[in-house]
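The values are calculated or read from the model by the stated rules, or taken from the named source; none is laboratory data. The model shown is predicted, which means the values in this text are computed figures rather than measured ones. Neighbour counts are summed over all protein chains in view; Cβ atoms, including those assigned to glycine, are modelled from backbone coordinates with ideal geometry.
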Amino acid sequence: MDFLLIIPVLIFSVVVHEVAHAWQALREGDTTARDLGRITLNPIPHLDPVGSILVPVVLHLLPGNFLFGWARPVPVNPRNYRAYRAGDIRVSLAGIVANLGLVVLCALGLVLLTALAGVLPLGGPLGGNIFSILSYGVFINLILAYFNLIPLPPLDGSHVLYHLLPSALRESYRAIGRYGIGILFLTLVLFPGGFATVLSPVFIAYDWVLRVTLG
């Protein structure tokens, strides 16, 4: 049952992440994502067979109690940005900001659920499922935000580091992106427990959010 609740939350979260990239790219002057129909919460245009389906299923079956996934990257053309460097950084960070926004919304939902627990009939499976969905929303979006800060191309954090590197190293660094997803997938499969240890700040933040929201 938990897996059936987690997958919709994960898919929604990665879709919002990609829509945020597309929306910010449009604000920066690039219409590529909009023209391809990627500014939509409909998950179909965003789903990636590996990142949205295969990886979550494999991780669910492996030890380590860790789940992750991603959607198809939104196509953008940074040359269309009004300010290339600043625009590229803002577009790359937009997905992380969107995930943190979902963390806040889910945390507020937990606060509201707790406040209404004594007023509305939210006991039993219904209340438990709503609580689980909101809790997973907090946890998954914290993972997505934190994970995407890792400066491994093509993750979002790599765009920031790219602009901080000396110009002579930038293209070689960006070329790693051709193998980045493969490296990431192998790491998740071979070292799921170790990877969860690297993400220990997420677990700390998650526990803190639950303590604050649930009193």
Worksheet item: Has segment 66-89 got any residue that is among the acidic types (Asp, Glu), within 14 Å of the chain's Cα centre (by Cα) and either at pLDDT 95 or above or closer than 23 Å to residue 24 by Cβ (or both)?
Response: no
Worksheet item: Looking at (1) touching a residue at least 60 places away in the same chain (Cβ under 8 Å); (2) touching an Asp or Glu at 6+ places or on another chain (Cβ under 8 Å); (3) of a type outside the set (Phe, Trp, Tyr), can you tell me which one residue 133 breaks?
Response: (2)
Worksheet item: How about segment 188-215: which of its residues are hydroxyl-bearing (Ser, Thr, Tyr), touching a helix residue (DSSP H, G or I) at 6+ places or on another chain (Cβ under 6 Å) and under 17 Å from residue 67 (Cα atoms)?
Response: 206
Worksheet, complete the sentence: Taking segment 78-117 and keeping only residues that are surrounded by 15 or more Cβ atoms within 10 Å (Cβ to Cβ), within 30 Å of residue 214 (Cβ to Cβ) and among the polar types (S, T, N, Q), one is left with 99
Worksheet item: So which helices (runs of 4 or more DSSP H) stay within segment 132-215 end to end and still have 3 or more residues that are touching a Pro at 6+ places or on another chain (Cβ under 9 Å) and closer than 21 Å to residue 84 by Cβ?
Response: 156-164, 167-175
Fill in: Unmet criterion (only one of (1) at pLDDT 95 or above; (2) farther than 20 Å from residue 2 by Cα; (3) crowded, with 16+ Cβ neighbours inside 10 Å) for residue 137
(2)
Worksheet, complete the sentence: The residue from 150, 140 that alone is in contact (Cβ under 8 Å) with a residue 60 or more places away in the chain and more than 20 Å from residue 215 (Cβ to Cβ) is 140
Discussion item. Could you go through segment 39-49 and let me know if any residue there is under 25 Å from residue 160 (Cα atoms), surrounded by 15 or more Cβ atoms within 10 Å (Cβ to Cβ) and at pLDDT 95 or above.
Written reply: yes
